[in-house]
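Here the structure is laid out as structure tokens; the discussion comes afterwards.
The values are calculated or read from the model by the stated rules, or taken from the named source; none is laboratory data. Owing to the predicted nature of the structure, the values given are computational and were not obtained by experimental measurement. Glycine also receives a Cβ, built like all others from the backbone with ideal geometry; neighbour counts cover every protein chain displayed.
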């Protein structure tokens, strides 16, 4: 029976193997490096860093200084490129020219940024897909050997939440074909797909990319400035009311996104109510359940505290000392 994307399954009710997820409370450039270095052993060759670079002047994106510091500190990233694709909606990143102007405005100028669908598209198979058998991605993606998925975890107006799954599933699909396959039924209005089906299509798109990279991919989620809005809403994003938590990393995309959701649910009601409401009303939890059904990872995991010798930590312990959000603009 299909799991309803509006119903949260507590950890104790899950079955299957466990993966490893690393956690640090250190929301800084050093914390990002610590999280990355816990999982970076398979990153080599030509490296792409899949990052949501945001609409113009977006207030909540991962600070550029953190990303710049990471690239500078890690030898395997010295020639890396940030990778993006153009948007399906008509905005600041709809065309390559507009996208490059937005990158300049937002300060993503310290390393190459590859708009992967600038010169066309490529098709990748989706093994076991229910809605789609292939995904159209930016053609440049096929030139990379490794992918670092660096994600600002937050809410999302259609997806409920945006973690690593959304960052890849939407973010690697090209702006005209792939994103249309995810969001729109043939001959229907532009945004005709939502809830369960949308979560499944996003996830199928992600599967095409992670199957392509195999072991040469890792995932880092930054739980900071978590509006219920995605960074695609830019300055129109809803105010942040959820406390900052930390940075998590894993080789398992499902375990990582699940851990972030679990940390949100482990907060007090007054701390998490807005983000939980956004997740459940959009049936966003279906992303997690469908990843498990497609064999993309484990919903059970051991959370290891990088701040305390990699000792196991519970979700409740990880969020025990979070404080109400204080505005901290990206720099």
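Here is a check on your reading of the model: is residue 98 surrounded by fewer than 22 Cβ atoms within 10 Å (Cβ to Cβ), in a strand (DSSP E or B) and over 20 Å from the mean Cα position of the chain (by Cα)? Quick ask: steps written out before the conclusion?
Working: surrounded by fewer than 22 Cβ atoms within 10 Å (Cβ to Cβ): yes; in a strand (DSSP E or B): no; over 20 Å from the mean Cα position of the chain (by Cα): yes.
No; evaluated as a whole, the condition is false for this residue.
Checked against (1) part of a strand (DSSP E or B); (2) touching a helix residue (DSSP H, G or I) at 6+ places or on another chain (Cβ under 7 Å); (3) crowded, with 21+ Cβ neighbours inside 10 Å, residue 82 passes all but a single condition, namely (2).
Residue 47 is checked against (1) crowded, with 20+ Cβ neighbours inside 10 Å; (2) closer than 17 Å to residue 221 by Cα and fails just one. What number does that condition carry? Tallying (1) crowded, with 20+ Cβ neighbours inside 10 Å; (2) closer than 17 Å to residue 221 by Cα, residue 47 fails exactly one: (2). Restricting attention to segment 11-42 and to residues that are part of a loop (DSSP other than H, G, I, E, B) and touching a helix residue (DSSP H, G or I) at 6+ places or on another chain (Cβ under 8 Å), the residue that is surrounded by the most Cβ atoms within 10 Å (Cβ to Cβ) turns out to be 38.
So which residues in segment 279-288 are part of a helix (DSSP H, G or I) and surrounded by 22 or more Cβ atoms within 10 Å (Cβ to Cβ)?
Residues satisfying the conditions are 279, 286, 287, 288.
Taken over segment 267-278, residues that are crowded, with 16+ Cβ neighbours inside 10 Å and either under 24 Å from residue 195 (Cβ atoms) or touching a helix residue (DSSP H, G or I) at 6+ places or on another chain (Cβ under 8 Å) (or both) amount to 5. Of all the listed residues (255, 249), the sole one being in a helix (DSSP H, G or I), within 15 Å of the chain's Cα centre (by Cα) and at pLDDT 95 or above is 255. The set of residues in segment 299-316 that are touching a strand residue (DSSP E or B) at 6+ places or on another chain (Cβ under 8 Å), crowded, with 20+ Cβ neighbours inside 10 Å and closer than 24 Å to residue 5 by Cα comprises 301, 303.
Among the residues of segment 129-141, some residue qualifies, meaning at least one is buried (at least 18 other Cβ atoms within 10 Å of the Cβ), in a loop (DSSP other than H, G, I, E, B) and in contact with a helix residue (DSSP H, G or I) (Cβ under 7 Å, 6 or more places away or on another chain).
Do we find that residue 69 is assigned to a loop (DSSP other than H, G, I, E, B) and either closer than 22 Å to residue 138 by Cα or in contact (Cβ under 8 Å) with a residue 24 or more places away in the chain (or both) in this structure? Let's see the steps before the verdict.
Details: assigned to a loop (DSSP other than H, G, I, E, B): no; either closer than 22 Å to residue 138 by Cα or in contact (Cβ under 8 Å) with a residue 24 or more places away in the chain (or both): yes.
When the stated conditions are applied, residue 69 does not pass them.
Is it fair to say residue 75 is modelled with pLDDT under 95 and surrounded by fewer than 22 Cβ atoms within 10 Å (Cβ to Cβ)? In short, no.
When you scan segment 321-330, do you find a residue that is under 30 Å from residue 209 (Cβ atoms) and touching a strand residue (DSSP E or B) at 6+ places or on another chain (Cβ under 7 Å), even just one? Within segment 321-330, none of the residues are under 30 Å from residue 209 (Cβ atoms) and touching a strand residue (DSSP E or B) at 6+ places or on another chain (Cβ under 7 Å).
When you look at residue 155, is it buried (at least 20 other Cβ atoms within 10 Å of the Cβ), part of a loop (DSSP other than H, G, I, E, B) and touching a strand residue (DSSP E or B) at 6+ places or on another chain (Cβ under 7 Å), yes or no?
On the way: buried (at least 20 other Cβ atoms within 10 Å of the Cβ): yes; part of a loop (DSSP other than H, G, I, E, B): no; touching a strand residue (DSSP E or B) at 6+ places or on another chain (Cβ under 7 Å): yes.
Judged against the criteria, residue 155 is not a match.
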